[in-house]
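**Student:** One structure follows; several queries about it will come next.
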Amino acid sequence: MPLLLLDLDNTLVDRDAAFRFATTDLLATHGLPATDLDWVLELDASGYRPRGVVARGLLDRYPMLAPPLVQGFLDNGAADAVTLAASTRTALRHATALGWTPVIVTNGRVRQQEKKIQVSGLDREVAGWVISEGVGAAKPDAGIFARAAEVVGARLADGGWVVGDSARADIGGAQAIGYPSVWLPLSAGSGRPSSSTNLRAPPTTCPPRSTWCWTTRASDEDQPPWIFSNGSRSSSPRGSSALDRLT
Ligand SMILES: [Mg+2]
């Protein structure tokens with residue numbers, strides 16, 4: 001059965017919305033200016049800035065916060081607030097029913113990423129997951145994708161697709177294993193695929209507001225019957241990331 005190798009943050013779940021929600025709560029709880037929200041979000045850089053740098057920045061600006069509290073916020077704040085959009089859950093079930101094997105492939109720490117998977121309920125919707133810290137390889141390294149296939153008793157040679165928001169980690173990883181991909185430039189850290197990436201315009205069956213939808217090496221025969229969409233970002237933890245079936 002073909003593999004569906006899915007990124008987690010800002011792909012299956014709207015991690016930025018969850019972090020925004022947690023930050024708003026942190027500022028309110030400790031009597032800090034609500035207008036600092038954008039400053040914290042910029043410091044966070046959609047989770048791509050090293051956590052130690054973010055922690056130092058927060059402690060420098062808010063010396064009244066205890067270091068363990070800041071660490072706890074960075075470890076659990078977004079993880080506690082992630083949600084799985086109903087349309088994403090439905091699409092995952094639909095893909096599974098059609099014979100796809102969905103596997104989460106995510107870079108990050110095991111404790112934090114597994115918490116997101118469990119809090120969102122994704123643990124009940126996918127066949128398995130691999131986390132870079134746990135397997136000793138990170139996207140775009142082909143090794144982590146090979147481990148993803150192994151955890152569901154498959155091989156990369158079985159074929160599949162990669163879906164993710166990071167040009168470097170996800171689309172670069174797809175290129176490393178020779179898989180077609182869907183790129184979702186949904187966060188500040190999405191970057192741009194390299195000029196050598198054979199991106200093409202969305203299929204004509206994409207919804208009108210589909211500027212986020214790009215595929216590589218796609219053909220009508222081998223493309224999954226749906227794509228992700230994220231037409232507008234949400235300010236609540238109930239993110240707008242969604243898998244919408246193409247009809
Ligand atoms: Mg991501």
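The values are calculated or read from the model by the stated rules, or taken from the named source; none is laboratory data. Remember, it's a predicted structure, so these values are computed and weren't measured experimentally. Using ideal geometry, Cβ is built from the backbone for each residue, glycine included, and neighbour counts are taken over all protein chains shown. These area figures cover heavy atoms from the full protein model, side chains too; ligands, DNA and RNA do not enter into them. Shrake-Rupley method; radii C 1.70, N 1.55, O 1.52, S 1.80 Å.
**Student:** Taking into account only those residues within segment 114-144 that are part of a helix (DSSP H, G or I) and among the aliphatic types (A, V, I, L, M), which is surrounded by the most Cβ atoms within 10 Å (Cβ to Cβ)? Steps first, answer last, please.
**Tutor:** Of the residues in segment 114-144, the ones part of a helix (DSSP H, G or I) are 114-120, 122-124, 132-135, 142-144.
Going one step further and asking which of them are among the aliphatic types (A, V, I, L, M), we end up with 117, 119, 122, 135, 142, 144.
Numbers: Ile117: 23, Val119: 19, Leu122: 22, Val135: 18, Ala142: 15, Ile144: 25.
Checking each candidate, the answer is Ile144.
**Student:** Go through segment 52-99 and give me each residue that's of a type in the set (Ser, Thr, Tyr) and under 21 Å from Trp39 (Cα atoms). Full working, then the answer.
**Tutor:** Pass one, segment 52-99, residues of a type in the set (Ser, Thr, Tyr): 62, 83, 87-88, 90, 96.
Passing the criteria: only Tyr62.
**Student:** Take Thr83 and tell me if it is crowded, with 17+ Cβ neighbours inside 10 Å and outside any helix (DSSP H, G or I).
**Tutor:** On the way: crowded, with 17+ Cβ neighbours inside 10 Å: yes; outside any helix (DSSP H, G or I): yes.
It is true that Thr83 is crowded, with 17+ Cβ neighbours inside 10 Å and outside any helix (DSSP H, G or I).
**Student:** Shifting gears a bit: Condition (residue is farther than 21 Å from Pro102 by Cβ and modelled with pLDDT of 75 or more) applied to segment 157-171: is it met by at least one residue?
**Tutor:** First, pick out the residues of segment 157-171 that are farther than 21 Å from Pro102 by Cβ: 167-168.
So of that shortlist, the ones also modelled with pLDDT of 75 or more come out as 167-168.
Yes - at least one qualifying residue is present in segment 157-171.
**Student:** On to the next question. Which count do you get for residues in segment 97-108 that are open to solvent by less than 10 Å² (accessible area, probe 1.4 Å) and within 14 Å of the ligand (Cβ to nearest atom)? If you could, list the steps in order and put the result at the bottom.
**Tutor:** Filtering segment 97-108 down to residues open to solvent by less than 10 Å² (accessible area, probe 1.4 Å) leaves 102-106.
Adding the requirement that they be within 14 Å of the ligand (Cβ to nearest atom) leaves 104-106.
So the answer is 3.
**Student:** Enumerate the pairs (first residue in segment 41-58 and not assigned by TED's automatic domain parsing to the domain that holds Asp165; second residue anywhere and hydroxyl-bearing (Ser, Thr, Tyr) and modelled with pLDDT under 95) with beta-carbon separation below 6 Å, excluding pairs fewer than 6 apart on the same chain, so at least 6 apart or on different chains.
**Tutor:** If the second residue must be hydroxyl-bearing (Ser, Thr, Tyr) and modelled with pLDDT under 95, the pairs left are Ser46/Ser187.
**Student:** Being β-branched (Val, Ile, Thr) and under 23 Å from Ala169 (Cβ atoms) is the filter; apply it to segment 32-79 and report the residue that is least open to solvent (accessible area, probe 1.4 Å).
**Tutor:** From segment 32-79, those β-branched (Val, Ile, Thr) are 35, 40, 53-54, 70; that's our starting set.
Still in the running and under 23 Å from Ala169 (Cβ atoms): 53-54.
Working: Val53: 76, Val54: 1 Å².
In this case the residue turns out to be Val54.
**Student:** I would also like to ask the following. If Ser181 meets every condition in (1) more than 20 Å from Gln113 (Cβ to Cβ); (2) touching a residue at least 60 places away in the same chain (Cβ under 8 Å); (3) within 15 Å of the ligand (Cβ to nearest atom) apart from one, which number is that one?
**Tutor:** Among (1) more than 20 Å from Gln113 (Cβ to Cβ); (2) touching a residue at least 60 places away in the same chain (Cβ under 8 Å); (3) within 15 Å of the ligand (Cβ to nearest atom), the lone unmet condition for Ser181 is (2).
**Student:** Of the residues Arg93, Arg111, Arg147, which single one is free of Cβ contacts under 8 Å to residues at least 40 places away in the same chain, buried (at least 19 other Cβ atoms within 10 Å of the Cβ) and away from the ligand (no atom under 16 Å from the Cβ)?
**Tutor:** Details: Arg93 fails: buried (at least 19 other Cβ atoms within 10 Å of the Cβ); Arg111 fails: buried (at least 19 other Cβ atoms within 10 Å of the Cβ).
Unique residue meeting the criteria: Arg147.
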